[in-house]
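Working notes, beginning with the structure itself.
Bear in mind that the values in this text are calculations on the coordinates, not laboratory data. Fair warning: this is a prediction, and the values are worked out from it, not measured in the lab. Here the Cβ positions follow ideal geometry from the backbone for every residue, glycine too, while neighbour counts run over all protein chains shown.
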Amino acid sequence: MLVGGEQPRFREESFSMHELAVTESIASICLRHAEQNQASRIIKVNIKLGELTGIVDHYVSFYWDMVTKDTVAEGAELNFIKIPIRASCPHCKKEFEVKEYDLTCPECGKGDGELVSGREFLVESMEIE
Amino acid sequence: MDIEVLEGVFDANEKIAAENREIFAKHKVFAVNLMASPGAGKTSLIEGTITGLGGRLRIGVIEGDIASSVDSQRLKVHGIQVVQINTGGACHLDANMIRQALEHLDLSTLDLLIIENVGNLVCPAEFKLGEGLRAMILSVAEGHDKPLKYPLMFSDSQVLIVNKTDLLGLSDFDMEDLRATVKRMNPGITIFELSCRTGEGLESWTNWLYDQATA
């Protein structure tokens, strides 16, 4: 990354795709927890992924092998648990699944539903040995 | 053995974003994260905003581009503080890049900081920077069907500026359709229609922005 003047300053956290940046972030979380638990190998990583996030799990899996090479996470399976977009109506309190990103309440027709889920992106758990 | 982790993938970025937010608050600087696809008119809107505010606010700009300093050179003629970030390929700005750029700005002499994100309707929406306002531009030339294709940015922005309204009538762009779709996705969003080229509609935007920045 170049900032300010003419001196190029490269940062190892900069990546060319946001999936690569988030894959690095997932790996760093997993490796830290693996170390804390003295794991010799990570077998499986369970990741909660809301459907409103712009993350494409296929790309994350693609970068995962590259990012985790020669670490205890190498070869670990990534299990994505997709979380549907749900909203709640502040008027009639109905909770509903959001279709086509439309927050309009299917019960009372008011348009200002509030998101309940769909923005999740977290490492939920891991299987280690 | 199964272990519980429960850690957000964006937590590290959001921690730095929260620190940036504190820095802005301490210096009473209103920060705007301006996002749009390439060519939608981000730099033109910044120029129009500088002119429209006419010195009512002291403005600084952080320019995010994959490469080059074309945009920052363009803005420097306005006599404002400009910092260029070249992401070296990265498709978005993140909170840590903003933190580094802040070292090159004198925040004590600013009221408004406009952060021009990398031209992209996808990735910048995922990374909070510590901004007080998330703004996006859609230009008439891009078409009114973009909200459902790039839902996160339209769902998450607080203001949508529809630029290049001077091109309305030259394409099939349907403003009512766009407004209805965006409001269904994001009922709280504020929408402005303007043309940076002709200046039409710019005043409503700059007056609104002034009110937001000084609230």
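For the range B:40-131, what does the equivalent ellipsoid look like in terms of its semi-axes, each the square root of 5 times an eigenvalue of the Cα gyration tensor, given largest first in whole Å?
Equivalent ellipsoid of the range B:40-131: 21, 15, 12 Å, largest first.
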Would you work out the charge dipole size for chain A about its Cα centre, treating the Cβ of every Lys and Arg as +1 and the Cβ of every Asp and Glu as -1, and quote it to the nearest 20 debye? 280 debye
Translational diffusion of chain B, µm² s⁻¹ [Kirkwood Rh, Cα pairs; Stokes-Einstein; 20 °C; 1.002 mPa s]: 121 µm²/s
Do any trypsin sites (Lys or Arg not before Pro) in the range B:139-215 lie in a loop, going by DSSP, with at most 12 other beta-carbon atoms within 10 Å of their beta carbon, and if so which? B:K149
Mean other chain Cβ within 10 Å across B:102-109 is 1
To the nearest 20 debye, what charge dipole does the protein assembly as shown have about its Cα centre, counting +1 at the Cβ of each Lys and Arg and -1 at the Cβ of each Asp and Glu? 840 debye
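Below 15 angstrom from the Cβ of B:I80, what's the summed charge of the other residues (Lys, Arg +1; Asp, Glu -1)? The partial results should precede the final answer.
Working: positive: B:R56, B:R58, B:R74, B:K76; negative: B:E47, B:E63, B:D71, B:D106, B:D111, B:E116.
Combined, the nearby Lys, Arg, Asp and Glu give -2.
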Test of understanding: ordering B:T198, B:T165 by Cβ neighbours within 10 Å, fewest first, what list do you get? B:T198, B:T165
Charges on Cβ only, +1 for Lys and Arg, -1 for Asp and Glu, centred on the Cα centroid of chain B; of B:L178, B:S157, B:T51, which one is farthest towards the dipole's positive end? B:T51
Place +1 on the Cβ of every Lys and Arg and -1 on the Cβ of every Asp and Glu in the range A:18-128, take the dipole about the Cα centre, and give the residue among A:P90, A:F121, A:V72 whose Cα lies farthest towards its positive end. A:P90
The summed charge of the B:E200 Cβ neighbourhood (under 13 Å; Lys/Arg +1, Asp/Glu -1) stands at -1
What residue among A:E100, A:E77, A:E24 shows peak mean-square fluctuation when chain A is described by a Gaussian network model with Cα springs under 10 Å? A:E100
Solvent-free Debye scattering, log10 I(q)/I(0), computed from the Cα coordinates of the protein assembly as shown at q = 0.07, 0.08, 0.10, 0.14 Å⁻¹: -0.32, -0.42, -0.65, -1.19
Taking the convex hull of Cα positions in the range B:1-97, its mean projected area over all directions (nm²): 8.6 nm²
Positive-pole candidate from B:A101, B:N13, B:Q81, dipole of chain B, charges at beta carbon: B:Q81
Return the Cα extents of the range A:18-128 along principal axes one, two and three, sorted largest first, each rounded to a whole Å. 55, 25, 16
Let me check I've understood the local charge: for B:L6, count other residues with C-beta under 14 angstrom from its C-beta, Lys and Arg +1, Asp and Glu -1. What total comes out? -4
